[in-house]
1. Could you provide, to the nearest whole Å², the per residue accessible area of segment 1-147 with probe 1.4 Å?
2. Along segment 115-132, what does the Karplus equation 6.51 cos²θ - 1.76 cosθ + 1.60 (θ = phi - 60°) give for ³J(HN,Hα), rounded to whole Hz, x for Gly and Pro?
3. Quick one: 3J(HN,Hα) in Hz for segment 143-152, Karplus 6.51/-1.76/1.60 with θ = phi - 60°, rounded, Gly and Pro as x.
4. Would you calculate the separation in nanometres between label points at Ser132 and Arg43, each defined as 7 Å from the Cα along the Cα-to-beta-carbon direction?
5. Can you give me the % of accessible surface on the chain that is carbon or sulfur? Probe 1.4 Å, all protein chains present, nothing else counted.
6. Under a crude label model (7 Å from the Cα following the beta-carbon direction), how far is Asp80 from Lys120 in nanometres?
7. Candidates (1) 53, 42, 28; (2) 44, 34, 28; (3) 47, 38, 30; which is the computed Cα extents along the principal axes in Å?
8. If you keep only loop residues by DSSP, which chymotrypsin sites (Phe, Trp or Tyr not before Pro) in segment 1-73 have at most 11 other Cβ atoms within 10 Å of their Cβ?
Amino acid sequence: AAKALEEGLGGRTDFVHKMNALAKDLGMTDTMFDNSAGFDSDRNFSTPYDLVLLSRHIIFNEPEIMDIVSSDKLSIESNDGHGWFGPQNMNRLITEYEGSIGLKTGETDAAGLSLLAAAKRKGTVMVAVVLSSDNHFADARRLLDYGFDQSQ
């Protein structure tokens, strides 16, 4: 999906430039993007704090993205370029965690299992950032539970 966005929005150089400009606008001072998909690179890095800033922006300003990342399954109709397919969200919390509104799973050799998880309960939105985990879903549950417990 990242590659398709990259190609549709001017190619790798332009897209990564736009990603870095947005990061700067959001105050992500410890982030640099080198590729659209988050693949390992010495010039591709971020921090949990910066990822929360990005998550907050997406949650409150990008409803189309939130519709996608909060869906368990999507149906993508066929067109001249491809046949029908129905991708499944890899984020198990969507169906297993009360109030889950999605975000992003990931895994690379350098980062290990990673997860940006968000949930909303009683008008409160919590975001958990899990990096280099052996069980990113369990770790995110614990972080989200802790946050919701503290907000009561």
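1. 63 Å²
2. Along segment 115-132, the couplings run 7, 9, 10, 9, 9, 10, 9, 6, x, 9, 9, 10, 10, 10, 10, 10, 10, 6 Hz.
3. 5, 5, 4, 4, x, 5, 4, 6, 8, 7
4. Computed distance between label sites Ser132 and Arg43 equals 2.4 nm.
5. Carbon and sulfur atoms account for 53 percent of the accessible area of the chain.
6. Taking the two extended label points, one gets 3.8 nm.
7. Of the labelled values, this structure produces (3).
8. Here no loop site has a sparse enough neighbourhood.
The values are calculated or read from the model by the stated rules, or taken from the named source; none is laboratory data. Just so we're clear, the structure is a prediction, and the values are computed from it rather than from any experiment. Please note: Cβ atoms are built from the backbone with ideal geometry, for glycine as well, and neighbour counts cover all protein chains shown. Note: areas computed on protein heavy atoms with side chains; ligands, DNA, RNA excluded. Shrake-Rupley method; radii C 1.70, N 1.55, O 1.52, S 1.80 Å.
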